[in-house]
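The values are calculated or read from the model by the stated rules, or taken from the named source; none is laboratory data. In this text the structure is predicted, and so the values were computed from the model without any measurement. Here the Cβ positions follow ideal geometry from the backbone for every residue, glycine too, while neighbour counts run over all protein chains shown. These area figures cover heavy atoms from the full protein model, side chains too; ligands, DNA and RNA do not enter into them. Shrake-Rupley method; radii C 1.70, N 1.55, O 1.52, S 1.80 Å.
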Amino acid sequence: MLAGIVLFGASLQWMTGMGFALVAVPPLVLLLGPSEGVVLTNCASGIICLAGLAQGWRRVRVGAMVPLCTAAICTVPIGARLTATLPEPVLMTVMGALVTAAVLLVMYGARVPALRGRKGAVAAGGLGGLMNSAAGVGGPPISLYAINAGWTVREFVPNAFFYGVVVNIFSVAAHGPPHLDAERWVWVAGALTIGMMIGRTFSGRLPENRARWLVLALALAGGMLALGKGLWRL
């Protein structure tokens, strides 16, 4: 089950340029619990982003990334603290609500004037860092910033990978590594590798718009399931 979730999420990430955390967080949280599910997502997302960045690092807009990443680094410890202190049912409810709200905002391409310019970059980066360390899903605020900044997909993907590498390194450092046994680590590593290979093989064969909506629909279903389970256990 664990390897299947990681493999599927990694494949979607490579095929669509988005989606690992959105798709993987809800089932990983349900399977491992909120804290372990989040930090494993951070680890896997960081590795996928690093592999993706290796292919597109020349297109990273360093000037735009500085305020985004700096703000994220400042808020990551707050999210990690929330994960460590909130009761598990409350944390699961919060995670489910964040994923659901983030997916809906990205689905409808929300235009938010506050997410423009340098102040918008600081706001998006800070919110992304908080959400990434608390719930494993730091990408939606960056997606909304890119939409409001008028970035193309070609511009967005390498910069999202760069942000993902930075924020996930600091998120894992704030949480500590996942407490998995050696066998599970082998399965996760194998699933990540195979998933990225599958995604790379089929990248471009699935229409971009259809793939995007598939990712968002799966993420929305998972977020609502986690939200429902959290509310049930309150």
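Quick notes
- From the list 154, 111, 116, the lone residue that is closer than 16 Å to residue 69 by Cα, at pLDDT below 80, surrounded by fewer than 18 Cβ atoms within 10 Å (Cβ to Cβ) and not hydrophobic (A, V, I, L, M, F, W, C) is 116.
- Residue in region 22-39 that is within 15 Å of residue 131 (Cα to Cα), open to solvent by less than 10 Å² (accessible area, probe 1.4 Å) and in contact with a His (Cβ under 9 Å, 6 or more places away or on another chain) present: yes
- Any hit, region 43-60, residues being within 16 Å of residue 162 (Cα to Cα), open to solvent by 20 Å² or more (accessible area, probe 1.4 Å), of a type in the set (Gly, Ala, Ser) and touching a residue at least 40 places away in the same chain (Cβ under 8 Å): yes
- Unique match (being crowded, with 19+ Cβ neighbours inside 10 Å and without any contact (Cβ under 8 Å) to a residue 24 or more places away in the chain) among 191, 146: 146
- Matching option when the condition is within 30 Å of residue 194 (Cβ to Cβ), in a helix (DSSP H, G or I) and among the polar types (S, T, N, Q), among 75, 70, 93, 100: 100
- So residue 100, is it open to solvent by 10 Å² or more (accessible area, probe 1.4 Å), hydroxyl-bearing (Ser, Thr, Tyr), within 24 Å of residue 179 (Cα to Cα) and modelled with pLDDT of 75 or more: no
- Residues in region 120-129 include none that are free of Cβ contacts under 8 Å to residues at least 24 places away in the same chain, in a helix (DSSP H, G or I) and open to solvent by less than 70 Å² (accessible area, probe 1.4 Å).
- Qualifying residue in region 176-187 (condition: surrounded by 19 or more Cβ atoms within 10 Å (Cβ to Cβ) and in a helix (DSSP H, G or I)): no
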